[in-house]
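Okay, structure first, notes after.
The values are calculated or read from the model by the stated rules, or taken from the named source; none is laboratory data. From a predicted model like this one, the values you see are computed outputs, not experimental measurements. Neighbour counts are summed over all protein chains in view; Cβ atoms, including those assigned to glycine, are modelled from backbone coordinates with ideal geometry.
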Amino acid sequence: MSNKRLSKKEYLRLFTRSNLLEIGHQAHEMRNKMADPRTVTFIIDRNINYTNICVSGCSFCAFWRTQDNKDNYLLDKRTIFKKIEETIKLGGTQILMQGGLHPVLKLNYYTELLKSIKAKFKIHIHSFSPPEIIHIARVSKLSPREVLQALKEAGLDSLPGGGAEILVDRVRNRLSPNKCTSDEWLNVMRESHELGLRTTATMMFGHIETPKDRIEHLIKIRKLQDETGGFTAFIPWTYQPQNTLLGGITSGGHDYLKTLAISRLMLDNIPNIQASWVTQGPKIGQLALFFGANDLGSTMIEENVVRSAGTSYTMTREEIVRLIKDSGFKPKQRETSIYE
């Protein structure tokens, strides 16, 4: 494959007609040019879902609860601090805080939480996806940029790429009609990058979208990266249907690996591609290292959203290191999601 970017039609042909092993080989070659060919990175961090109360009610999500549900929750600071202390004791260097779109919490809740964490702990805070930023802005009657600026001043270090799902509004209107639009998601990321906040980007696939929708999603991510250069990594992961209103069938390893490889080939301006062993399991995660991925993500001290949908894979630091070594690579622990 040449360095010239292919057309939408040519990329679509990769999905519909291309041989998996052939495209995987091309993606691995590109991975070796964009990252250290001998090294696979990983991180020790913790997903802290501070609340499961959410007004979005996405049909693909098994995690959210309404304010009337008996099993809803909003973590207090003491509980969050305990989780961070446990993370640091296990060698963790980052927390990823994400939660539901809470109908009441305004900006001051989040800024006070960030300030209290930074006053007590030395840890990287990689938190609040674009839908959360948009929602906080609406509840607080502020602009997303004002929210981002305030969160940064309070201690936010970088943003996760969650809530992207598929950046095609026809799909989003069916999956998550109460969540931000594609343009709103992209604009939060644009403004984050302009404010000096680096971010990751994601794609959740294998539900109601088409291969053409996946291509459109990747092109939008690439276009914004051409503009800002603020994305440090891309993480494609498969929809998990159990316990959701949407239902369906889990996308298998073949579809995952092909989508991962095409993502690596299309996103020629994003340096890192992360394998989603959390949804695919360790063995497919290991294979992903030969289909374009150069990072194995987190050891996942805690993860709640995917687990709510019936999928639960965990690995210790020792297990992830062994997995990388057994694949023929040198493991390298990174400290943050901004890959610096």
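For MET189, are the conditions met, namely being touching a Leu at 6+ places or on another chain (Cβ under 8 Å), part of a strand (DSSP E or B), at pLDDT 95 or above and buried (at least 20 other Cβ atoms within 10 Å of the Cβ)?
No: the conditions fail for MET189.
Output yes when any residue across the range 255-266 is in a loop (DSSP other than H, G, I, E, B) and either of a type outside the set (Val, Ile, Thr) or without any contact (Cβ under 8 Å) to a residue 60 or more places away in the chain (or both), and no when none is.
Within the range 255-266, not a single residue is in a loop (DSSP other than H, G, I, E, B) and either of a type outside the set (Val, Ile, Thr) or without any contact (Cβ under 8 Å) to a residue 60 or more places away in the chain (or both).
Quick check: anything in the range 101-108 touching a strand residue (DSSP E or B) at 6+ places or on another chain (Cβ under 6 Å) and within 20 Å of PRO160 (Cα to Cα)?
Checked against the condition, which is being touching a strand residue (DSSP E or B) at 6+ places or on another chain (Cβ under 6 Å) and within 20 Å of PRO160 (Cα to Cα), the range 101-108 yields at least one hit.
A quick yes/no check of all residues on (1) within 18 Å of the chain's Cα centre (by Cα); (2) modelled with pLDDT under 85:
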residue	(1), (2)
ARG222	yes, no
LEU246	no, yes
LYS258	no, no
ALA261	yes, no
LEU265	no, no
ALA275	yes, no
GLY285	yes, no
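Which fully enclosed helices (runs of 4 or more DSSP H) of the range 8-123 have 1 or more residues being under 27 Å from ASN178 (Cβ atoms)?
77-89, 107-120
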